[in-house]
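Student: Right, I'll just put the structure down here and ask away after.
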Amino acid sequence: MLQITTKKEWKGDKVMWLIIGILIGFGLLAVYSATGSMAYLRYKGNTEVYLLKQLVMAGIGLLCMYACHRQNYLIYNKLAPVLFLLAIPLLLYTLAFGVETNDAKRWITLPVINLSFQTSDYARLALIMYLARSLSNKQEYIKDFKSAFIPVMVPVLLICGLIAPANLSTALLLFATSVMLMFVGRVSFKYIFMMAFFGILLFGTVVLIWWFFPDAVRVDTWISRITDFISNENGGGYQVQQSKIAIANGSWLGLGPGNSTQRNFLPAAYADYIYAIICEEYGLIGATGILLLYLWLLFRVSRIVMKSPKAFGAILAMGLTLNLVVQAFANMAVSVNLVPVTGLTLPLVSMGGTSVLFTSVAFGIIMSVSKFIESIQEEQPAPENELMKMANTSPKPKTVEDESDH
Amino acid sequence: MKDEIIIRTYVVFLLFVLAGFLILGRVVQIGIVEGESWRGRGDSLYVRHQPIEPERGNILSSDGRMLVTSLPLFEVRMDLLAVPKDKFVKNIDSLALCLSRHLNPVISERAYRDLLWRERQAGNRYLLIKEEVTYSQLEKIKTFPLFRLGGNKGGLIVVRKSKRERPYRMLAARTLGSVREGAKPVGLEGYYDDVLGGEKGSRLVQKVARDIWVPVDDIGDFEPKRGKDIITHIDIDLQDITEQALYKSVAHHQALGGTAVVMEVKTGAIKAMANLVRSGDDIGEYLNYAVGAATEPGSTFKLATMMALLEDGYIRLDDRVDIHGGEVELCGKKIRDSEKRKGSLPTLKQVFAQSSNVGVAVTAQKYYEKNAKKFVKRLEQFGLNERSRIDLEGEPAPYIKEAYNVEQKWSCTSIPWMAHGYELTLTPLQLLTFYNAVANKGRMMKPQLVHQILEYSEPVKTYKPQVLKNQICSHSTLQQAMELLKSTTDSGGTAYALRNRLYKVAGKTGTAVTNYYKGDINQGKKYQASFAGFFPADDPVYSCIVVIYEPSANGYYGASAAMPVFREIADYSVASRFIATEDQAPVNTAPLPARIRAGGYATDIRTLLHFSGVRFENRCLNEWASLSPTESQPELTGINLQQDLVPDVRGMGLRDALFLLENKGLKVRLQGHGRVRSQSIAPGSKIQGQTIELTMG
């Protein structure tokens, strides 16, 4: 580990590595504090148990990031179709035979290694990689309906449609991320609007399925959450009230690390409502800090987009980052009661099991792209504007492998 | 092309900046603008973790039959504010009607309606509807108007409680003990409280009014851990015989109460322990005399005196002793035998067999008057000064005076009176432990009620027989003690009535006067009749003590009040041992898997079958299932638990069957033991509160 912390081994945008490090560190602090009461009840006051678990997960996550960022990012271009095709049967299997928790089948257990994970976590990653490949391959004729829009749209609707019955919020976020990615990938405006229309159509279909198979889809849960959100009696349901109290306790500067009281009353304080605990302990200052870290991450990725000589790297990095940032913003929006309650975690910060691994793989891939950008910068230390010009006129740089002939 | 991508990227980025402003705006709004009011509500929305009581473990008999179990019971409450006003107005009349008609006819429909309105006005979110509701009643209540909408909209709150139930009612009730809210549990329930109690879980509850807490959804719950089960040594059939025989005697002799304990000689295992107390016309298990009542034992103690004399080598059993015709004055006080005796001087063996107080007192006085320390030391050697350490609370230490200790009022009378069982106190169990040691070739065993502790039907702890004293006296003393105890059933002996052709008893009667020191004896003496011994005399299996307190009619002697109880216990034990050895043979012929018949909780059965590798046809979709034999392989089918139909409980254990039937409002009568073989009402019949008879076996 010592060896790989040297500059030589960890490549890519150092600022981004720093942001990830800060987020993970923040996560360790917040999770340690938020799990206090749970650890007290389950492990008789041995509060370090969850901290250790989180540390181990962070360690494994860093290893994943390291391994993924060491690869040439073009590997992911080759892998994308395979991973995508695998996602479809996996999601179908989950819907049919998945492990049921809270009336929803979201998890499956891998046989031999006995690891359970949410197939939607995998499917998100696979779809975005596939989408990046698809969009970049079709850049030349991207405004075309038949040859570009249709082949891009179908996979999105398919995957989101398969996720929606058990996990509507994830499906919605993935859909939004995909639309944003299509937007970045130069899909024309009218198709973007058409996409929204298809989305509504898809949602209608899912509700229709519920009409005939009420057990397969959780429409009743959705309805109750949305009505809870709208009715806003007493300022919201139990979780919402407790979350608001936490934020109010924090006020400007917060109560200080480890001083949260709401962690005892907020269900899943260490996951879904970690942002409220951060607000409570670090105040508006901490809340702003966390939010800025995610924005900064997005900003750094837009630099990759700018510098990337080819569309695949740019769209891949942007897509994966969007996926995480969208989830982060959604989580924060739930905590401050901007949107109805969903079960989303704050990526890199919340305590989580296997989902941490998928997040780490995603970051690893982003850093792999970043590493590549750095390597071409080192070889061609051209000023930025010149590079942009070069990119704009798009002659093939000699140092870059050809991407389009896959 | 590249430009377009970059521009669009910035557009997306801007979108997130906007979203960021929205989120932070909310943080400012909640945390700072509305901050004060939310912080204030922090107190009013007070929540805490409320413990969830775990299910208490069962107490089982030695063959695994249920002596004590927990049955589920519910408390029904109502959150009146959970119901929207329009629905409340629409349904209150019909709800009031249902409550009045089905739950409590004493309260009229109108009164219920007023109550519900009043409490809603008062904002009661936890109105008590009914305590102690059974499962079937609860199912009914759930169909009432409003309540059928469930907890969130209909305001129905169901609190799960449980009730301790003894399927065999009074049997060994005091030994098993009881659990009462706010008091320390007694009996086995008390001694093994930690084991039976399990571990508490906890649930997040929210305060809605003073002292009233409502669960917050299902979030933040920690499941409690069920208590472990304990298997006792108690033999239900023997306990039943013991209890019945004791009851007969207490009733017949109009006694204050009585106790009888049966102990396995080699292990100290308590096979039966009955305690009856009369209160008015009622005779029931209320006090544990066997463990807690230290009294002057009377003549049963003479065994110890004789053994001390033998151990010290002062006497031989054929020594003759002058009993002064059955009455003598020692130290200015008279000692009398129960009857005047004439004729030749009896031997010491005869003195013991005929229970002559004078004979024992005079002999003891002769050897120990100047030598009391030696006598007391012998009693200590026999373990008579120590507790039996049975696994029950409340055992007092024996009281035996220190030799010549004036503070303990040692006097000239002490030796002769102690010699025939006065001026010292022992509990029945302590005396039995001593007799048991004599039966067990001098090895004193600790009396033990509990055999094993089970967790999920697997033994997690086994209590091995424990030796209190390895050898209480010499071999020759033991032999002679045995001879003395057998001599009581000889002709002229006090226990002659126990003589029979089938087996031989060794034992000693006792009749103690309990109020001799309380002034005027002419007011009427009070007695304590007892019998202690073991059987069969030549190879003792069980030892047993019977004590009848204050018999007031039909004879008060140990031989007339206590001995018949002993006789019934011994007769049954010996008989059942003969039977038991005879029918052991067919038990080993294991049934073919296809012939298995069982019923119970479907998941449990499936687990068991998978575990034991039995192949079966799974046709069960219900929670409860029955396994029935077919030609090829057993078939698992669901049990119909429809509201008002009698379920099929054949093949089930008692616990499952009781749970299902009693929850449906049926009264259950039992016959035999084992699994349910047949039921008197056919499955699928309509339930109308009948009594169903189960034949077990």
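Student: Taking the criterion of being surrounded by 15 or more Cβ atoms within 10 Å (Cβ to Cβ) and over 17 Å from the mean Cα position of the chain (by Cα), would at least one residue in the stretch A:120-134 satisfy it?
Tutor: Yes, there is a match, as at least one residue in the stretch A:120-134 is surrounded by 15 or more Cβ atoms within 10 Å (Cβ to Cβ) and over 17 Å from the mean Cα position of the chain (by Cα).
Student: For the stretch A:142-178: of the residues being within 14 Å of another protein chain (Cβ to nearest Cβ) and crowded, with 20+ Cβ neighbours inside 10 Å, which is farthest from A:Arg218 (Cα to Cα)?
Tutor: A:Ile142
Student: Condition check: aliphatic (A, V, I, L, M) and over 30 Å from B:Tyr112 (Cα atoms). Does B:Ile59 satisfy that?
Tutor: On the way: aliphatic (A, V, I, L, M): yes; over 30 Å from B:Tyr112 (Cα atoms): yes.
Considered against the rule, which asks whether it is aliphatic (A, V, I, L, M) and over 30 Å from B:Tyr112 (Cα atoms), B:Ile59 comes out as yes.
Student: While we're on this one: Considering each of B:Arg341, B:Arg378, B:Arg387 in turn, give the residue that is basic (Lys, Arg), under 13 Å from B:Thr305 (Cα atoms) and surrounded by 16 or more Cβ atoms within 10 Å (Cβ to Cβ).
Tutor: Of B:Arg341, B:Arg378, B:Arg387, the one residue that is basic (Lys, Arg), under 13 Å from B:Thr305 (Cα atoms) and surrounded by 16 or more Cβ atoms within 10 Å (Cβ to Cβ) is B:Arg378.
Student: Which ones in the stretch A:261-281 are more than 10 Å from chain B (Cβ to nearest Cβ) and surrounded by fewer than 23 Cβ atoms within 10 Å (Cβ to Cβ)?
Tutor: Residues satisfying the conditions are A:Ala271, A:Asp272.
Student: On to the next question. Taking into account only those residues within the stretch A:238-248 that are within 9 Å of chain B (Cβ to nearest Cβ) and surrounded by fewer than 24 Cβ atoms within 10 Å (Cβ to Cβ), which is farthest from A:Tyr282 (Cα to Cα)?
Tutor: Checking each candidate, the answer is A:Tyr238.
Student: Select, from B:Glu139, B:Glu131, the only residue that is within 30 Å of B:Phe659 (Cβ to Cβ) and not in a helix (DSSP H, G or I). Give the derivation first.
Tutor: Details: B:Glu139 fails: not in a helix (DSSP H, G or I).
On inspection, the qualifying residue turns out to be B:Glu131.
Student: Let me ask something else about it. State which residue pairs qualify: first residue without any contact (Cβ under 8 Å) to a residue 60 or more places away in the chain and surrounded by 24 or more Cβ atoms within 10 Å (Cβ to Cβ) and inside the stretch B:411-425, second residue of a type in the set (Phe, Trp, Tyr) and not in a loop (DSSP other than H, G, I, E, B) in any location, beta carbons under 8 Å apart, and separation of 6 or more residues or different chains.
Tutor: B:Ile415/B:Tyr368; B:Ile415/B:Phe375
Student: Could you tell me how many of the residues in the stretch A:307-356 are within 23 Å of A:Lys244 (Cβ to Cβ), assigned to a helix (DSSP H, G or I), at the interface with chain B (Cβ under 9 Å from one of its Cβ atoms) and touching a residue at least 24 places away in the same chain (Cβ under 8 Å)?
Tutor: Of the residues in that region, 3 qualify.
Residue-by-condition table, conditions (1) modelled with pLDDT of 80 or more; (2) of a type outside the set (Phe, Trp, Tyr):
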site	(1), (2)
A:Ala317	yes, yes
A:Leu320	yes, yes
A:Val334	yes, yes
A:Phe358	yes, no
A:Lys371	yes, yes
A:Gln380	no, yes
A:Pro397	no, yes
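Student: Please find, within the stretch A:211-237, the residue that is farthest from A:Ala166 (Cα to Cα) out of those that are surrounded by fewer than 18 Cβ atoms within 10 Å (Cβ to Cβ), at pLDDT below 70 and more than 10 Å from chain B (Cβ to nearest Cβ).
Tutor: That would be A:Glu233.
Rundown of residues vs (1) among the aliphatic types (A, V, I, L, M); (2) in contact with a Lys or Arg (Cβ under 7 Å, 6 or more places away or on another chain); (3) within 11 Å of chain A (Cβ to nearest Cβ), yes/no style:
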| position | (1), (2), (3) |
| --- | --- |
| B:Asp3 | no, no, yes |
| B:Tyr10 | no, no, yes |
| B:Val17 | yes, no, yes |
| B:Gly25 | no, no, yes |
| B:Ile30 | yes, yes, yes |
| B:Glu36 | no, no, yes |
| B:Arg39 | no, no, yes |
| B:Val89 | yes, no, no |
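Let's see how each residue does on (1) touching a helix residue (DSSP H, G or I) at 6+ places or on another chain (Cβ under 8 Å); (2) crowded, with 24+ Cβ neighbours inside 10 Å:
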| site | (1), (2) |
| --- | --- |
| B:Gly227 | yes, no |
| B:Gln239 | no, yes |
| B:Lys248 | yes, no |
| B:Thr267 | no, no |
| B:Lys271 | yes, yes |
| B:Arg278 | yes, no |
| B:Ile283 | yes, no |
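Student: Considering every residue within the stretch B:109-129, establish whether at least one is under 33 Å from the mean Cα position of the chain (by Cα) and free of Cβ contacts under 8 Å to residues at least 60 places away in the same chain. Walk me through it before giving the result.
Tutor: Narrowing the stretch B:109-129 to residues under 33 Å from the mean Cα position of the chain (by Cα): B:128-129.
Imposing the further condition that a residue be free of Cβ contacts under 8 Å to residues at least 60 places away in the same chain reduces the set to B:128-129.
Yes, the conditions are met somewhere in the stretch B:109-129.
The values are calculated or read from the model by the stated rules, or taken from the named source; none is laboratory data. Bear in mind the structure is a predicted one, so any value in this text is a computation, not a measurement. We place every Cβ from the backbone using ideal geometry, glycine too, and count neighbours over all the protein chains shown.
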